[in-house]
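Each remark here refers to the structure printed beneath this line.
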Amino acid sequence: MNEDVYVLGIETSCDETAAAVVKNGKEIVSNVVASQMESHRRFGGVVPEIASRHHVEQITLVIEEAMQRAGVSFSNLDAVAVTAGPGLVGALLVGVNAAKALAFAHGLPLVGVHHIAGHIYANQLVAEMKFPLLALVVSGGHTELIYMEEHGKFTVIGETRDDAAGEAYDKVARALGLPYPGGPHIDRLAHEGEPVIDLPRAWLEEGSYDFSFSGLKSAVLNTLHNAKQRGEEIDPKHMAASFQESVVDVLVTKTVQAAKQYRVRQVLLAGGVAANRGLRSALQDKMKELPGVELVIPPLSLCTDNAAMIAAAGTVLYWQGKRSDLALNANPGLPLV
Amino acid sequence: MKILGIDTSNMPLGIALMDGNVIKGEIITNVKKDHSARAMPAIESLLRQCGITPDELDLIVVAKGPGSYTGVRIGVTIAKTLAWSLGIPIAGVSSLEVLAANGRYFPGVIVPLFDARRGQIYTGLYRYEGGVLRCLEEDRIVAADEWAHQLSQQGEDVLLVGVDAPLYSELFRNHLGERVHVAPPSLALPRPSELVMLGKEKERENAHAFVPNYIRLAEAEAKWLAKQKGEGTDGDRCTISSNDHP
Ligand SMILES: [Zn+2]
């Protein structure tokens, strides 16, 4: 009964068409991502209709490549896992319907996966998950602290009340005249500058693990605007460094505080913003306060949207006996718990 | 030869199965419910009832648009994924042509239409010639008024076909008078069995390369192109979402 389990993962929640084959929930056999970033760059952001159109063009090619690279055929697969939400509904629909068609055509079990569960399970592809654990999920649309007592059980202990951290990065980047997507540019500039500009940090009420970045974003925009009015110039390097320091300070402090309170054994960093060097190094530093608690940060390719993470999360659900039927639908507001 | 037909391009959902020269069954609904949740269960149910397994299929035929962008994508995604993964070809048929097929014994010209909002329609011009449906004017999006005027310049009777046809019957009557006929409700829904019969005669396409025929560019793209040509105005900024995961 100890046979290897191979799961095909499919992810189309935003602007990457992705497919992957994962063995036993932790070993990547193949991981293919077709990014549409070049197409959306001209619009300064992801245009949902155009994202959906690209997904339809790419979907079978990407799945075929993932299966070819993995050297598997449909008869070798144990299940198909697909992102059911949250995300852009039109984009999600392509992956969900492709997954359903595959599951039907080849008699395979179908497992719908939550996108954020996927981001968290990207860590399983790097290190064994040790419970209880705390995951900080930071991306263009998410800023969440999630506590997990065991596999498949998620408790959101903190989330953003307004903008996601990645969203704030994009808006500030635009204000600084940086190209899309702005996050990596701010990260790069921040390392050249000094955090000399005083910007607020939204700690919210005592004991809250929620986040808020809209005040910070407005403060940056106001500071830039006021300086311009006075005919002064603010060095974008210093603004990037100051902004990043404020974001990272709040994220890291709250994460470590929660890790202490919940006595976790492991802290995971997940989501596209986990690629941010400033965040990575600050979290590594601050985690020194918690000797014995392991910090896991997946490599960049597993932090951004990919299908290996969906296959990894899907494998756990598959083992738990969770199945979706052919009526599975895309749910742009799918709740994690 | 076993052929599965799929049409989710507009509000009616249609699935049909043909085996040789026999239509084994078809499922048609005309309700405002989610195609994404209902198309695969309908396919599964029809094949099961007809006692046919997916690996017995020889061809997938899909209505490739125009219609609702999302609706068209659902059908095309299912069709191309089935075709590719089963190693069989795919054939596409215009969603308007499928609708026009309902006018089989009409002696004049056939005008299938879908409402495209703001007075615009997706339409084309078709006629049966010797039992074969011919496309006289290619599918397009056009102001209904302009289209009615254009049709009034020719002398034949016109059959309007489609769920949305009654919305425009008055307007067409203003231009064409008694020459306008509106298909009754029983002939207003695209028949997936007609889709399959039309698709049988179409060119077989490669599943990977198969894409919908949206007729229109995405709005943001059209505006971007206009701007590249220097035609865009300042007030013409496209609204876009920069959210990674809204
Ligand atoms: Zn993501």
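Each value in this text was obtained by applying a stated rule to the coordinates, not by laboratory testing. Values in this document were obtained by computation on a predicted structure and should not be read as measured data. Cβ coordinates were reconstructed from backbone atoms using ideal geometry, including for glycine residues, and neighbour counts include every protein chain displayed.
How many percent of DSSP beta bridges within the protein assembly as shown run antiparallel, rounded to 5? Please list the in-between numbers first.
Details: 53 of 86 bridges.
If we restrict to bridges inside the protein assembly as shown, about 60 percent are antiparallel.
Could you order the peptides B:98-104, A:263-269, A:172-178 from most to least packed, using the average number of other C-beta atoms within 10 Å per residue? Walk me through the intermediate numbers first.
Numbers: B:98-104: 25.6, A:263-269: 20.9, A:172-178: 18.7.
Ranked by mean Cβ neighbours within 10 Å, highest first: B:98-104, A:263-269, A:172-178.
Normalising the average separation of contacting C-alpha pairs (under 8 angstrom, six or more residues apart) by the number of residues puts the relative contact order of region A:245-303 at 45 percent.
Applying a DSSP loop filter and a limit of 11 other Cβ atoms within 10 Å to the GluC sites (Glu not before Pro) in region B:156-236 leaves B:GLU201, B:GLU203, B:GLU231.
Based on the reciprocal of the average 1/r between different C-alpha atoms, the Kirkwood radius for the protein assembly as shown equals 25.9 Å. Note on B:GLN150 and B:LEU225: with the Förster distance fixed at 30 Å, the Cβ-Cβ geometry gives a FRET efficiency of about 0.70.
Which whole-number percent of Cα pairs in region A:36-139 have a distance greater than 21 Å?
On the way: 2589 of 5356 pairs.
Of all Cα-Cα pairs in region A:36-139, 48 percent lie more than 21 Å apart.
Each Cα pair under 8 Å and six or more residues apart adds its sequence gap; the mean of these over the residue count of region B:96-187 is a relative contact order of 29 percent.
What is the percent of Cα-Cα separations in chain B that go past 32 Å? Please report the intermediate quantities before stating the final value.
On the way: 7891 of 30135 pairs.
It works out to 26 percent of all Cα pairs.
By the helix-only formula, in which each DSSP H run with n ≥ 4 contributes -39500 (n - 2.57) and the sum is divided by residues, chain B has a 222 nm mean residue ellipticity of -10000 deg cm²/dmol.
Calculated FRET efficiency, A:GLU128 to B:ARG48, Cβ-Cβ distance, R0 = 45 Å: about 0.60 to the nearest 0.05.
Within the listed set B:ASN21, B:ASN174, B:ASN206, the Gaussian network model of chain B (springs between alpha-carbon atoms below 10 Å) gives the highest mean-square fluctuation for B:ASN21. Going by neighbour counts of Cβ atoms within 10 Å, the residues A:ILE28, B:ILE121, B:ILE141 line up, fewest first, as B:ILE141, A:ILE28, B:ILE121. Report summary: the helix-based calculation at 222 nm, which adds -39500 (n - 2.57) for every DSSP H run with n ≥ 4 and divides by the residues of chain A, gives -13000 deg cm²/dmol. Straight-line reach from A:LYS228: taking Cα to Cα under 21 Å and skipping same-chain neighbours fewer than 8 places apart, the lysines in range are A:LYS171, A:LYS217, A:LYS237.
Residues B:ILE28, B:ILE88 in ascending order of nearby Cβ atoms (within 10 Å, fewest first): B:ILE28, B:ILE88.
Based on the alpha-carbon set only, what is the convex hull volume of region B:96-187 divided per residue, in Å³?
Working: hull volume 7.7 nm³, N = 92.
Per-residue hull volume (Cα only) is 83 Å³.
Beta bridges assigned by DSSP with both partners in chain A are antiparallel in approximately 60 percent of cases. Pairs from the table (A:LYS130/A:LYS153; A:LYS23/B:LYS2; A:LYS100/A:LYS322; B:LYS64/B:LYS200) lying more than 24 angstrom apart at Cα are A:LYS23/B:LYS2.
Taking chymotrypsin sites (Phe, Trp or Tyr not before Pro) across region A:139-212, the ones in a DSSP loop with at most 14 further Cβ atoms lying within 10 angstrom of their Cβ are A:TRP203.
In plain terms, the residue of A:LEU61, A:LEU125, A:LEU92 with the fewest other Cβ atoms within 10 Å comes first and the most crowded comes last, giving A:LEU61, A:LEU125, A:LEU92.
Give me the compactness ratio for chain A, meaning the Cα radius of gyration over 2.2 N^0.38 Å. Could you put the intermediate results ahead of the total?
On the way: Rg = 20.3 Å, N = 337, 2.2 N^0.38 = 20.1 Å.
Here the answer is 1.01, to two decimals.
When DSSP assigns beta bridges and you keep just the ones with both residues in region B:1-63, what percent turn out antiparallel, to the nearest 5?
Details: 13 of 17 bridges.
Close to 75 percent.
Which GluC sites (Glu not before Pro) in region A:1-74 sit in a loop by DSSP (not H, G, I, E or B) and have at most 14 other Cβ atoms within 10 Å of their own Cβ?
On the way: sites: A:GLU3, A:GLU11, A:GLU16, A:GLU27, A:GLU38, A:GLU49, A:GLU57, A:GLU64, A:GLU65; in loops: A:GLU3.
Taking region A:1-74 and a limit of 14 other Cβ atoms within 10 Å, the loop GluC sites (Glu not before Pro) found are A:GLU3.
Net length available on complete extension from A:ARG174 to A:SER218 is 14.6 nm, with 0.36 nm assigned per residue and the Cα-Cα distance removed.
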